[in-house]
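Enquirer: Once you've had a glance at the structure underneath, I'll fire off some questions.
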Amino acid sequence: MKSYRRVLTIAGSDSGGGAGIQADIKSISANGCFAASAITAVTVQNTLGVQAVYELPADIVGGQISAVLSDIGADAIKIGMLSSVDVMKAVAQAIQQYHPINIVLDPVMVATSGDRLMSVGAVRTLRQELIPLARVITPNIPEAEVLAGNAIHGQNQLAETAQQLAEEFHTSVLLKAGHLEDDVLTDVLYDNESHQCHYYESIRIHTLNTHGTGCTLSSALAAQLAKGLSLPDAVGKAKEYVSKAIMEGADYRIGHGHGPVHHFFDQ
């Protein structure tokens with residue numbers, strides 16, 4: 001009997017369809033896996049930005065996770081935006097009952113504008129209760145700065161910071177270079193399982209359609225881990241997918257702001 005490779009995404013809903021749960025499901029599906037979801041919040045959102053956020057009750061978030069894992073199961077879990085301490089604790093408690101091995105945590109803490117999206121207490125809970133459960137975390141530079149407590153000024157600091165975070169949290173770290181001004185971007189994976197650094201180079205694609213790239217990358221990574229790839233190979237496959245999705249979606253126009261990537265460019 002055939003079986004799907006299953007990925008559970010735990011994140012907020014984006015009514016505009018470009019990021020959050022919607023981007024996760026598209027990315028997981030495009031990478032050949034079955035997508036299940038636990039919604040943490042409902043946003044009023046489009047390509048121009050977020051107008052409002054309604055956080056779901058913690059017991060409902062935890063209940064969704066338990067319902068999926070007790071019946072369908074998961075070969076990997078992607079965790080995205082969690083804004084409150086109560087929701088974080090509910091997620092951690094629900095996950096720990098089932099001992100999943102491939103948890104990809106995208107620590108969404110800083111908006112594109114630079115505004116902090118998490119309270120100090122929520123960041124503390126993220127550090128203490130969720131990051132230690134992850135096989136790999138995928139911070140961008142502002143998020144890595146919050147976690148490390150250090151400013152990052154250039155490419156030459158990424159490997160050192162990734163290793164610092166990996167050693168502190170006992171997890172692997174994929175540190176994304178997209179906030180640098182360079183035209184050639186090099187993301188750095190510090191693989192805490194082999195204690196080695198891996199480098200993934202890509203060319204910056206100049207387009208407005210980059211909404212949801214972080215969600216798309218972390219979900220693609222979870223899908224590739226669910227399919228049994230090693231962590232460095234899974235990162236490589238996920239990076240290839242996202243780069244192609246950005247490139248293929250660069251010339252589309254949808255909405256009046258920052259559009260999405262083209263998740264299904266092969267179809």
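Enquirer: As an exercise: evaluate ILE101 against (1) within 18 Å of THR138 (Cβ to Cβ); (2) open to solvent by less than 10 Å² (accessible area, probe 1.4 Å) and give the number of the one condition it does not meet.
Expert: (2)
Enquirer: Restricting to region 20-58, what's the tally of residues that are at pLDDT 95 or above and in a loop (DSSP other than H, G, I, E, B)?
Expert: The qualifying residues number 5.
Enquirer: Report yes if ASP14 is open to solvent by 10 Å² or more (accessible area, probe 1.4 Å), of a type in the set (D, E, K, R) and within 24 Å of ALA94 (Cβ to Cβ), otherwise no.
Expert: No: the conditions fail for ASP14.
Enquirer: Confirm whether GLY73 is assigned to a helix (DSSP H, G or I), open to solvent by less than 40 Å² (accessible area, probe 1.4 Å) and either farther than 20 Å from ALA222 by Cα or at pLDDT 95 or above (or both).
Expert: Here the answer is no, as GLY73 does not meet what is asked.
Enquirer: Test ARG124 against the stated conditions and say whether it is surrounded by fewer than 19 Cβ atoms within 10 Å (Cβ to Cβ), modelled with pLDDT of 90 or more and not hydrophobic (A, V, I, L, M, F, W, C).
Expert: Here the answer is yes, as ARG124 does meet what is asked.
Enquirer: Now for a different question. What single numbered condition from (1) touching a residue at least 12 places away in the same chain (Cβ under 8 Å); (2) surrounded by fewer than 18 Cβ atoms within 10 Å (Cβ to Cβ); (3) farther than 25 Å from ILE246 by Cβ fails to hold for GLY32?
Expert: Among (1) touching a residue at least 12 places away in the same chain (Cβ under 8 Å); (2) surrounded by fewer than 18 Cβ atoms within 10 Å (Cβ to Cβ); (3) farther than 25 Å from ILE246 by Cβ, GLY32 violates only (3).
Enquirer: Return the only residue of VAL91, VAL87, VAL61, VAL108 being touching a helix residue (DSSP H, G or I) at 6+ places or on another chain (Cβ under 9 Å), in contact (Cβ under 8 Å) with a residue 60 or more places away in the chain and either on the phi > 0 side of the Ramachandran plot or part of a helix (DSSP H, G or I) (or both).
Expert: VAL91
Enquirer: Same structure again: Identify all residues within region 211-257 that are part of a loop (DSSP other than H, G, I, E, B) and surrounded by fewer than 20 Cβ atoms within 10 Å (Cβ to Cβ); write none if there are none.
Expert: LYS227, GLY228, LEU229, SER230, ALA250, ASP251, TYR252, ARG253, ILE254, GLY255, HIS256, GLY257 - these are the residues of region 211-257 that are part of a loop (DSSP other than H, G, I, E, B) and surrounded by fewer than 20 Cβ atoms within 10 Å (Cβ to Cβ).
Enquirer: Take the conditions touching a residue at least 60 places away in the same chain (Cβ under 8 Å) and in a strand (DSSP E or B) and apply them to GLY12. Does it pass?
Expert: In short, yes.
Enquirer: Identify all residues within region 40-70 that are open to solvent by less than 50 Å² (accessible area, probe 1.4 Å), of a type outside the set (Ser, Thr, Tyr) and either within 25 Å of HIS211 (Cβ to Cβ) or touching a Cys at 6+ places or on another chain (Cβ under 6 Å) (or both); write none if there are none.
Expert: Hits for region 40-70 are ALA41, GLN45, GLY49, ALA52, LEU56, VAL61, GLN64.
Enquirer: Looking at (1) modelled with pLDDT of 90 or more; (2) among the charged types (D, E, K, R); (3) surrounded by fewer than 17 Cβ atoms within 10 Å (Cβ to Cβ), which one does ASP106 not meet, given that it meets all the others?
Expert: Only one criterion is unmet by ASP106, namely (3).
Enquirer: Then there's this: Just need a number here: residues in region 165-210 that are under 30 Å from LEU48 (Cβ atoms), at pLDDT 95 or above and outside any loop (DSSP other than H, G, I, E, B).
Expert: Looking only at that region, the number is 3.
Enquirer: Does MET81 satisfy the criteria of being outside any helix (DSSP H, G or I), modelled with pLDDT under 95 and crowded, with 19+ Cβ neighbours inside 10 Å?
Expert: Here the answer is yes, as MET81 does meet what is asked.
The values are calculated or read from the model by the stated rules, or taken from the named source; none is laboratory data. Owing to the predicted nature of the structure, the values given are computational and were not obtained by experimental measurement. All Cβ positions, glycine included, derive from the backbone under ideal geometry; neighbour counts span all protein chains shown. Note: accessible area is taken over every heavy atom of the protein model, side chains too, but ligands, DNA and RNA are not part of it. Shrake-Rupley method; radii C 1.70, N 1.55, O 1.52, S 1.80 Å.
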